[in-house]
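Working notes, structure below.
The values are calculated or read from the model by the stated rules, or taken from the named source; none is laboratory data. All of these numbers come straight from a predicted model, not from anything done at the bench. FYI the Cβ positions are ideal-geometry reconstructions off the backbone, even for glycines, and counts take in every protein chain you see. With ligands, DNA and RNA removed, areas are computed over all heavy atoms of the protein, side chains included. Shrake-Rupley method; radii C 1.70, N 1.55, O 1.52, S 1.80 Å.
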Amino acid sequence: MNALAQDIRFALRTLWKTRAFTAIALLALALGIGANSAIFTVVNSVLLHPLPFPQPERICQIYTERFGDFTGMPDGTFVEFQKQTTAFVNISAINGGATSLTGIGEPAAVHGASVTPEFWAALGVSASLGRTFRTEQEAANVTVLSNKLWRTHFNADTSVLGKVVNLDGAPHTIIGVMPPSFGFPGDSELWTPLAVKIEKNREFAYLVIGRLKPGATLEQARAETKIIAQRLQPSKPRAGEGVGVVSLQEFVVGSIRPSLYVLLGAVGFILLIACANVANLLLARGAGRQQEVAVRASLGASRPRLIRQLLTESTLLAIAGGALGLLIALWGVPLLVKLVPPGMIPRLEEVGMNRQILLFTFLLSLATSLIFGLAPALHLSKARLAESLKQDNRRISSAQGLRSVLVTAEIALSLVLLIGAGLMLKSFVRLRSVNPGFNPESAFVLTTNLPDTDQRSTQQLIQYHSQVVEKLTALPGVTSAGAVNWLPFNDALIRGDFYSEAGSRPAAHFTVSKPGVTPGYFPAMGIRLRNGRLFDARDTERSPRVAIVSQSVARRAWGGQDPLGRRVTLEDHPEAKDWLTVVGVVDDVKQQNLAEKEPVAAVYQPMAQVDSPFFLYQMAYVVRAAGNQAALPSLMRSRFREVDPNQPVQLMSTMDQLVSATTAQPRFYSRMLGSFSAIALLLAGLGLYGVMAYSVAQRTREIGIRVALGAQRSDIFRSVMSKSALLVLAGVTLGLAGAFGVTRVLQNLLFDVTPTDAATFVAVSVLLALVALAATYIPARRATTVDPMVALRYE
């Protein structure tokens, strides 16, 4: 311990004497360790930390799948599965969506969930105030509040139990409040009882969770689920269909895991580059300490003793860098959380520093000290007094080769990061250039979700929406206004089978969306008419039924033939009134996001001819305006409330914002990888500059002699630049090889760009080479200014 204390005191004095070196090394380590700690904080909270439920590993999600899409479990299947399963206990069905909350202050749109009574036992949670649902006989008009909703809308009033609020127009009694950490599924703000009832000609799909019985395993549950599914559907399942069981944690975070690991790998590269930089600095400083180390060795210090002393300095550097990195992480994690687009990363509200992060940072610091400190320590501990004195104080370091290897590695690692960022940036640019099929500029959207308990008839719903559209049309500056039930980029969508008059399906699995629109919808959205006409006042509930189809429907159903006048139906068993005559063709519209490989085929119907209330509860009103638009959102809200003051607005936005939201995730990854790449490029440039500057300093006497013997300044410049070019070439070559393999992990994050895009590889390589050579320019120019007389007297 005395020897260790002596080593620490000596290391501190040494680091203090070389303050410039210490500051640069600490900055490089702090950036590398801080970035790793920040990203690991997110990874730990989201992926590694168990869900906040008792025995979370025993909670599973049971699902059905069709053509790769999660569809939930049909109500009939759920009822039978509840009866037949032996692997699960407390199986619960869940249905969620927007809910209108009235009766307490301003009408509000909240995210609600309807759950069966087993929900609470399946998760192992209970209310912090009051109680949850007890049995299936629980009254349907009760609700449990989230802690967040309780605080924001009820001022954390403990006497809230027993109060009545209106949910979707129906009175509900508050019976409980959940703990602050609970919000499943998603960000649910309240829960109501769900009674699963099987209705003829109507099927619902539910999210289903269950807790494994004691002794049951996940594999047993999967096997039993398949057996029950085969029992319920004896015939062979159709291609692309299936059932499955996953842990609830996998269901919640599984989709984001690859993306977070990509970011963790990127900051890992930054740390390696920082370590290489510090190792280079230690090697450069070690050249001036060869005589010191040689004298200590001649006085009896063993090589292990010297290595321990040198590693003590490295460890102190790493620990100090880790402490600074932890401060960077403490500042960076909240900033990182703010940059994450809403809904992109689950459990984001749980992200925060804890003891695991502190331990990770400490261990990372120790590992870092070995990574950058071991090679310089081994090299410097070889110094011997006789050899050191023979060098005539010229400090010609045999470590130059090792330093060149480290710089080559820095360039290679930086190139991998830069190519990844380049691919993401190119992907983002291409995604933003995709034509959505409509003009989002100057288009404003207001959405609502009328309660299906309203008991309004179809005609009453149509009249309601028509009144809202009329009031919006009358607003100053509005050029057109319309309504649609399935707004593009607003998540909700219903698709169904499509049949032409011939009575056969045009193509396998050919389904269409079924929007109901008012006549002003197409001009309000800026959707172009390709052929025929748009809907107008003549298309009423009493007139012949008509439809407008998108281009993809016309192409797939009738090829190059004129679709106008053709008859189609959206019913499996159509009656005479179910046939629609095509009167127009419009552009295809990206319905869910810009990255859709193919646009969703659509058959539009006039809202006046929609005959099912189910298609009219959810509605979006679109307004296109000219001139000053600053006051338009507030005017739209006020006009909407004139029709129904108790109906809350679900969403008030511009179409530009909705389009931008679909690119938020690739924008986030482009920014993150771009930032990491910029740091890597800076570190690599500094590393190359340091190597070449040190090389020129070591060759001062040699350069002076060459100049005295007649060497031209241009020859000296080319000599230095050519050595740098060789290092850059080696680094770029290794980096290209590494990027060719590593960038494949970005496959699922790229749009219309391959992971081995040649143009990106070449452009980024040229950029890195130019930056690296620019870093060499100053040392090369300095070499050409060496005075032969000064150089010959050098030391």
Problem set entry | ARG641 being open to solvent by 40 Å² or more (accessible area, probe 1.4 Å) and either among the acidic types (Asp, Glu) or not assigned by TED's automatic domain parsing to the domain that holds THR479 (or both) | no
Exercise. In the range 619-638, how many are hydroxyl-bearing (Ser, Thr, Tyr) and over 33 Å from the mean Cα position of the chain (by Cα)?
Worked result: 1
Exercise. Out of the range 431-482, which residues are of a type in the set (D, E, K, R) and modelled with pLDDT of 90 or more?
Worked result: GLU441, GLU470, LYS471
Exercise. Are any residues in the range 436-473 open to solvent by 40 Å² or more (accessible area, probe 1.4 Å), in contact (Cβ under 8 Å) with a residue 12 or more places away in the chain and assigned to a loop (DSSP other than H, G, I, E, B), and if so, which ones?
Worked result: ASN439, GLU441, SER442, ASP452, THR453, ASP454, ARG456, SER457
For this session: Output yes when any residue across the range 50-73 is touching a strand residue (DSSP E or B) at 6+ places or on another chain (Cβ under 9 Å), open to solvent by 30 Å² or more (accessible area, probe 1.4 Å), modelled with pLDDT of 80 or more and outside any helix (DSSP H, G or I), and no when none is.
Result: yes
Exercise. For ARG384, which of the numbered conditions (1) modelled with pLDDT of 85 or more; (2) of a type in the set (Lys, Arg); (3) surrounded by fewer than 16 Cβ atoms within 10 Å (Cβ to Cβ) fails to hold?
Worked result: (1)
Exercise. Could you say whether any residue in the range 581-596 is touching a residue at least 40 places away in the same chain (Cβ under 8 Å) and assigned to a helix (DSSP H, G or I)?
Worked result: no
Problem set entry | Any hit, the range 96-114, residues being at pLDDT 80 or above, touching a Phe, Trp or Tyr at 6+ places or on another chain (Cβ under 9 Å), open to solvent by less than 10 Å² (accessible area, probe 1.4 Å) and in the same structural domain as LEU248 (by TED's automatic domain parsing) | yes
For this session: Mind telling me which of the residues GLU313, GLU349, GLU250, GLU292 ends up being within 29 Å of the chain's Cα centre (by Cα), in a helix (DSSP H, G or I) and at pLDDT below 85?
Result: GLU349
Exercise. So, in the range 544-570, of the ones that are in contact with a helix residue (DSSP H, G or I) (Cβ under 9 Å, 6 or more places away or on another chain), in contact (Cβ under 8 Å) with a residue 60 or more places away in the chain and of a type outside the set (Val, Ile, Thr), which residue ends up least open to solvent (accessible area, probe 1.4 Å)?
Worked result: LEU570
Problem set entry | the range 704-723, subset more than 56 Å from the chain's Cα centre (by Cα) and of a type in the set (A, V, I, L, M), residue nearest to ARG782 (Cα to Cα) | VAL707
Exercise. For the subset of the range 755-774 comprising residues that are surrounded by fewer than 14 Cβ atoms within 10 Å (Cβ to Cβ) and modelled with pLDDT of 90 or more, which member is nearest to VAL429 (Cα to Cα)?
Worked result: ALA759
For this session: Kindly list the number of the only condition in (1) in a helix (DSSP H, G or I); (2) open to solvent by 20 Å² or more (accessible area, probe 1.4 Å) that fails for ALA711.
Result: (1)
For this session: Answer yes or no: is there a residue in the range 3-18 that is open to solvent by 40 Å² or more (accessible area, probe 1.4 Å), in contact (Cβ under 8 Å) with a residue 24 or more places away in the chain, touching a Leu at 6+ places or on another chain (Cβ under 9 Å) and in the same structural domain as ALA229 (by TED's automatic domain parsing).
Result: no
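Conditions (1) buried (at least 21 other Cβ atoms within 10 Å of the Cβ); (2) outside any helix (DSSP H, G or I); (3) over 36 Å from the mean Cα position of the chain (by Cα), marked per residue:
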{"site": "ARG151", "(1), (2), (3)": "no, no, no"}
{"site": "ASP157", "(1), (2), (3)": "no, yes, yes"}
{"site": "LEU161", "(1), (2), (3)": "no, yes, yes"}
{"site": "ASN166", "(1), (2), (3)": "no, yes, no"}
{"site": "HIS172", "(1), (2), (3)": "yes, yes, yes"}
{"site": "PRO179", "(1), (2), (3)": "no, yes, no"}
{"site": "PRO185", "(1), (2), (3)": "no, yes, no"}
{"site": "SER188", "(1), (2), (3)": "yes, yes, no"}
{"site": "TRP191", "(1), (2), (3)": "yes, yes, no"}
Exercise. Residues in the range 27-49 that are under 19 Å from PHE372 (Cβ atoms) and surrounded by 20 or more Cβ atoms within 10 Å (Cβ to Cβ): how many?
Worked result: 10
Problem set entry | Options ALA266, ALA297: the member that is of a type in the set (A, V, I, L, M) and modelled with pLDDT under 85 | ALA297
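Looking at the range 329-347 only, could you name the residues that are of a type in the set (Lys, Arg) and open to solvent by 80 Å² or more (accessible area, probe 1.4 Å)?
LYS338
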Problem set entry | Residue, most open to solvent (accessible area, probe 1.4 Å), within the range 644-679, restricted to residues that are within 21 Å of ALA483 (Cα to Cα) and of a type in the set (Ser, Thr, Tyr) | THR654
Problem set entry | Candidates ARG538, ARG533, filtered to the one that is farther than 23 Å from ILE494 by Cα, open to solvent by 50 Å² or more (accessible area, probe 1.4 Å) and modelled with pLDDT of 90 or more | ARG533
